[in-house]
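Written below as structure tokens is the structure these notes are about.
The values are calculated or read from the model by the stated rules, or taken from the named source; none is laboratory data. None of the values given here were measured: they were computed from a predicted structure. Every residue, glycine as well, gets a Cβ built from its backbone with ideal geometry; the counts of neighbours run over all protein chains shown. The area values use the complete protein model at the heavy-atom level, side chains included, leaving out ligands, DNA and RNA. Shrake-Rupley method; radii C 1.70, N 1.55, O 1.52, S 1.80 Å.
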Amino acid sequence: MSLKLELPIYMDNHATTPMDPRVLDAMLPYFTKKFGNPASRNHAFGWEAEKAVESAREQIARAINADPKEIIFTSGATESDNLAIEGAIGMYGATKGRHIITLKTEHKAVLDTCKHLTSAGAEGEQGDKAGQTAKGALAKGVLAEVTFLDVEKNGLVDLKKLEAAMRPDTVLVAIMAANNEIGVVQDIAAIGKLCHERGVLFFTDAAQAVGKVAIDVKAMNIDIMSISGHKVYGPKGVGALYVRRKSPRVRLSPLIHGGGHERGMRSGTLPTPLIVGLGAAVELAVRELPEESRRLRALRDRLWNGLRAKLDHIYLNGDYENRLPGNLNVSFAYVEGEALMMAIKDIAVSSGSACTSASLEPSYVLKALGIGEDLAHTSIRYGIGRFNTEAEIDFTIDTTVKAVQRLREMSPLYEMAKEGIDLKSVQWSGH
Ligand SMILES: *Cc1c(COP(=O)(O)O)cnc(C)c1O
């Protein structure tokens, strides 16, 4: 390869994606010339903006086999997750039940919303907000009871365990379509079928899945689904929530009150340029999905095979088959993750550790797979995306291999492992 690579290389496409230039082109006129408020009913400026918003709604609906009326615009998947869970408990908690089932490996937007509803502190806020106190939904000061289900070693949920966790008062199952760290894709259709058989609402956070794997809300029995703009090569600060209107008809208590926009579920002036971008991004991603997923899977396999050919003692985290095409999450035993990240800083990736204020915590997702703290700290998440090239993958293999080999040269434990000394009895610390 004589072509010079531009450094650093962006390979963190689960954190965010660059916007596709085609999406930007679609958005630009709506910042300046076509600036109207889509809620202005009395003049052409408003009609023009409303037409653009409704066209984006149709694009998204078509991409997931929904009806345009079932799409609610939000500020992103975090808000969509909050609205789905808190809105369902607000609407059905007093009548149907207050039990939620979710996974330990969910995104924080889901986990923290669930935790918020299970803390007594939620009472005052919710009572003030939605006038729910009058309905008597807030007895005991706790809004919901949540089961945080374990996943299997490959990151997938066992359907029998999910079924066993269901109770007569279970109102909502919240299981993400694709995991943002380990990329595993759950059997959404089977989960949806089970939920509908049991009369439980099925909510899925599909921020990482839409545009990456095929989603059909009807065929998969999805009732509520979160979408994010900036995970599908669209703009940041916009997302959507799919809310089923038929069999069953789902209603959600709003979190934001005001002009009654979005069928009363989400008030606030619609950000037309962002919504146009979201529509264009989702349509593009779904249209190009078969081709793009084939290309990304080939790049991902090239990376994994390249690493495996040159390095021993490396482990793939999460199921290989049921996985996002662009995701590779690998533990490199006997190196320290932060040191490895530093050594490959020409490549933007994420580590299996999260910086909390005082210390480095191993990822709770890797922990839920049963991966030890030491090994979790050696993990790197590669997120390959639309604009990555084969030359970048080869550079990544080469750089990672050299860095791991160099760091391991300094590790006496790695020397022991190489010589076949049983390390099970040795407490290994990556630090
Ligand atoms: C990024 C992400 C979110 C949050 O989306 P925002 O649009 O940034 O609020 C939620 N869930 C998952 C799975 C994500 O990957």
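Before we move on, is Ala354 among the aliphatic types (A, V, I, L, M) and open to solvent by 30 Å² or more (accessible area, probe 1.4 Å)?
yes
Tell me which residues, restricted to the stretch 35-82, are open to solvent by less than 60 Å² (accessible area, probe 1.4 Å) and within 15 Å of the ligand (Cβ to nearest atom).
Within the stretch 35-82, Ile60, Ile72, Phe73, Thr74, Ser75, Gly76, Ala77, Glu79, Ser80, Asp81, Asn82 meet the criteria.
Taking the residues in the stretch 379-429 that are polar (S, T, N, Q) and more than 28 Å from Val232 (Cα to Cα) as candidates, determine which candidate is modelled with the highest pLDDT.
Residue satisfying both the conditions and the ranking: Gln405.
Can you confirm whether the stretch 198-217 contains a residue that is surrounded by fewer than 20 Cβ atoms within 10 Å (Cβ to Cβ) and within 13 Å of the chain's Cα centre (by Cα)?
yes
Under 8 Å between Cβ atoms, which residue pairs at least 6 apart in sequence (or on different chains) link something in the stretch 75-96 that is in a helix (DSSP H, G or I) with a partner that is open to solvent by 30 Å² or more (accessible area, probe 1.4 Å) and away from the ligand (no atom under 16 Å from the Cβ)?
Leu83/Pro254; Gly87/Pro254; Ile89/Arg98; Gly90/Ala130; Met91/Arg251
In the stretch 238-267, which residues are in contact with a helix residue (DSSP H, G or I) (Cβ under 9 Å, 6 or more places away or on another chain), under 18 Å from Asn37 (Cα atoms) and either within 13 Å of the ligand (Cβ to nearest atom) or in a helix (DSSP H, G or I) (or both)?
Result: Val238, Arg263.
Going by the structure shown, is Val185 under 22 Å from the mean Cα position of the chain (by Cα) and buried (at least 24 other Cβ atoms within 10 Å of the Cβ)?
Against the criterion (under 22 Å from the mean Cα position of the chain (by Cα) and buried (at least 24 other Cβ atoms within 10 Å of the Cβ)), Val185 does not qualify.
Would you mind telling me which numbered condition in (1) in contact with a His (Cβ under 9 Å, 6 or more places away or on another chain); (2) without any contact (Cβ under 8 Å) to a residue 40 or more places away in the chain Gly36 fails?
Among (1) in contact with a His (Cβ under 9 Å, 6 or more places away or on another chain); (2) without any contact (Cβ under 8 Å) to a residue 40 or more places away in the chain, Gly36 violates only (2).
If I go through the stretch 20-34 residue by residue, how many of them are crowded, with 19+ Cβ neighbours inside 10 Å and of a type outside the set (D, E, K, R)?
Residues meeting the conditions: 4.
Can you name the condition, by its number, that Arg302 falls short on among (1) assigned by TED's automatic domain parsing to the domain that holds Ala368; (2) in contact with a Leu (Cβ under 6 Å, 6 or more places away or on another chain); (3) more than 23 Å from Met19 (Cβ to Cβ)?
Here Arg302 clears every test but (2).
Scan the stretch 298-312 and give yes if some residue there is under 30 Å from Asp223 (Cβ atoms), out of contact with any Asp or Glu (no Cβ under 6 Å at 6 or more places or on another chain) and surrounded by fewer than 21 Cβ atoms within 10 Å (Cβ to Cβ), otherwise no.
For the stretch 298-312, residues under 30 Å from Asp223 (Cβ atoms), out of contact with any Asp or Glu (no Cβ under 6 Å at 6 or more places or on another chain) and surrounded by fewer than 21 Cβ atoms within 10 Å (Cβ to Cβ): absent.
Among what's in the stretch 268-279 and is out of contact with any strand residue (DSSP E or B) (no Cβ under 7 Å at 6 or more places or on another chain) and part of a loop (DSSP other than H, G, I, E, B), pick the residue that is least open to solvent (accessible area, probe 1.4 Å).
Once the filter is applied, the top-ranked residue is Gly268.
Return yes when Glu361 is in the same structural domain as Trp304 (by TED's automatic domain parsing) and open to solvent by 50 Å² or more (accessible area, probe 1.4 Å) and no when it is not.
yes
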